[in-house]
1. How large is the accessible surface of Trp56 in square angstrom, using a 1.4 angstrom probe and rounding to the nearest 10?
2. Which value at 222 nm does the chain reach when only helices count, each DSSP H run of 4 or more adding -39,500 (n - 2.57), with the total divided by all residues and rounded to the nearest 500 deg cm²/dmol?
3. Carbon and sulfur: what percent of region 481-591's accessible surface (1.4 Å probe)?
4. May I ask for the net charge around Ser379, where only other residues with Cβ less than 13 Å from the Cβ of Ser379 are counted and Lys, Arg are +1 while Asp, Glu are -1?
5. Give me the distance in nm between label points sitting 7 Å out from Cα along the Cα-to-Cβ direction at Ser441 and Ser363, one decimal.
6. Which value, in Å² and to the nearest 10, is the accessible area of Leu183 when all protein chains are kept and the probe is 1.4 Å?
7. Work out, step by step, the length gained on full extension between Lys258 and Ser570: first 0.36 nm times the residue separation, then minus their alpha carbon distance; give nm to one decimal.
8. In terms of modelled amide H atoms, which long-range or inter-chain residues lie less than 5 Å from the amide H of Gly263?
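The values are calculated or read from the model by the stated rules, or taken from the named source; none is laboratory data. In this text the structure is predicted, and so the values were computed from the model without any measurement. Cβ sites come from the backbone with ideal geometry, for glycine too, and all protein chains shown count toward neighbours. In case anyone asks, the SASA skips ligands and DNA or RNA and just uses the protein heavy atoms, side chains included. Shrake-Rupley method; radii C 1.70, N 1.55, O 1.52, S 1.80 Å.
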Amino acid sequence: MDWSNEYFLHIYKSRLYELMNVDSSTNTVNIHHWYREWFKIVKDCFQAQDTVYYQWMGEEYRLVHPSTDYNVGFSMSSQSVDALFYYHSFIYRSSERKEDTFPYDVGFKLMENDSAPLGILFVQGTQINMTQLLESDLIDFVLESELFLKKMYYFYKVIEDEHRYRELFKVTEIFHSTMDIDLLLGQVITTLYRVFPDYSFNLLLSNDNHKHEDLPINNFEYDTADIAAMQSFVNGTIEIADSTQAEQATLYAPLKGKQGVYGVLEVCTTHSFNYPDHEIEFIRLLAYTAGSALENAKLYQQSKNLISDLQLINEIYHKLNSDLRMSETLTFLKCQIERSFQASAVAFIMINQESQVLKESSSFFLSENGNRYIQFVKSRIVKENDSLFIGDISTKLEGEIPYFSLMAVPMVQNNLLKGFCIVLQEKPYSFSFDMYKLLQSFIHHSTLALTNSMLREELEKMVITDHLTNLYARRYLDGEMKKSLKRDHGGSYILLDLDNFKEINDRYGHQVGDEVLIQTATIIQTIVEGKGLPARWGGEEIAVYFPNYSAADSKVVADEMVKRIPKETSPSITVSCGISSWSDNKDVHVKSLIRRADSALYIAKNNGRNQVVTEQAETSIR
């Protein structure tokens, strides 16, 4: 644009007036926009290639915004500026300073008042003849520029104050209408970006175990935190870390509630000027409001979690105190632990002479690697008699490990250690302290139920088991046979008698006779395991019932008994067997099966003993 000297100042004034009147009527501009537009006007005015402005920051002049990508200095000292403007208080012209190597053609020192500077404006690569401009025009240019900057700052402050506090009001309304922590934090970040679009933000939260998707939120690292960030967190005050080397200033504002500080808001800018007081005040108010809202949300969430935990404990308590088998109790407890703690592996270990891994445990604990965890936990619990809460067990176990987070709680009943529960997670520090306390409550309430289940099952076993031979009792077998007659399509019954057992008792004594009876029972158990139900029928008689077995099938088993028992007992003894059977096309009763087998046994005895005799089923016995 070809500007004549005559209209130089008039055009400059009109362009500034137009900029201020147009932009100040909207609420969308910011100070950096005004700077950029001002630089364009100055460049047009001087037909220049570049315009650079350094703002006074109290101790030095700092670069605000270069209009081009030229490499320029970040700051200027007041001494260097005074040296440039040695010949003229407000105007620097390179044409008058032949000895200078300063890269700018002309410079202007702008003042807020007689003693307070505003900044320094430099113009580079001007295409007009600076000697043709009157000094009065340049002084008027300085005065108009000073007036523009003062009005710009004033308008900007008014507009931004209105905008900021409108945003603060809106976000405060949201804070008071929700207890969603992610929504609260998201609103903080969104509001900051709307108010300060040229800044960047991070929320550094302490003791934060939540995953915040797509939000600039990180854990507050106490060991590596910036000194200013740590001071802000500890003291609850606004702190500014000014890094001139990185050409940025970082502000830290505490997220403070009534009960403590929950983190720090980190504000970064690549602009070189200091944070204005009104911006610092807005950030302080927003951080304080956010801290209070975050505290309320956390307390609300803790209350919900506590209620949920109590409901869960109550549910578990009622479930465990219902008539559950031990296997059902452990399966239920494992499912609750996996669901509540997102556990990768769960183990229930009972301590007898050795560590017994209950079958309801995760399969990992049956491996050699799983045994390392068991032995580590056992040694610690036996020694310390206390629960374990380890965020990273890699420091305790050598070699490669698949799980890093560990919780373990002892099962104690009547001051006796019955066993312990282990809960593992793949990633380190996956469990919170609240989870640890909840697991302790789980196991505390479960131990009595597990002990009762074990005692009940032991008692049931005693009721249905012969105490000498460890075979089923006669009453139990009688009941199972009745069920089979209703349920199955057939079955067979073996009645076995020890031959000449009285002679064993008379010759060796009743204690040896009992040993022979026990040996015989053990052999029979190994032969019929998983196929039939062996029971002590009375005295030296043993009965075995086979559901869905034919007489021929049972005879194969009986023949093996007759063959093996004399070889594997000491003193050796022979046995005789009688077999009866039934099928679903016959009307039969338990008594008829027993009577027919007894008849077959009688025949075996009369035929010389040490043999098997089968009697066919009767057509009908009533």
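1. Spelled out: Trp56, probe radius 1.4 Å, area about 70 Å².
2. -16000 deg cm²/dmol
3. Within region 481-591, the accessible surface is 49 percent carbon and sulfur.
4. So the environment of Ser379 carries a net charge of +3.
5. That separation, rounded to one decimal, is 3.4 nm.
6. 80 Å²
7. 104.0 nm
8. Ser206, Leu255
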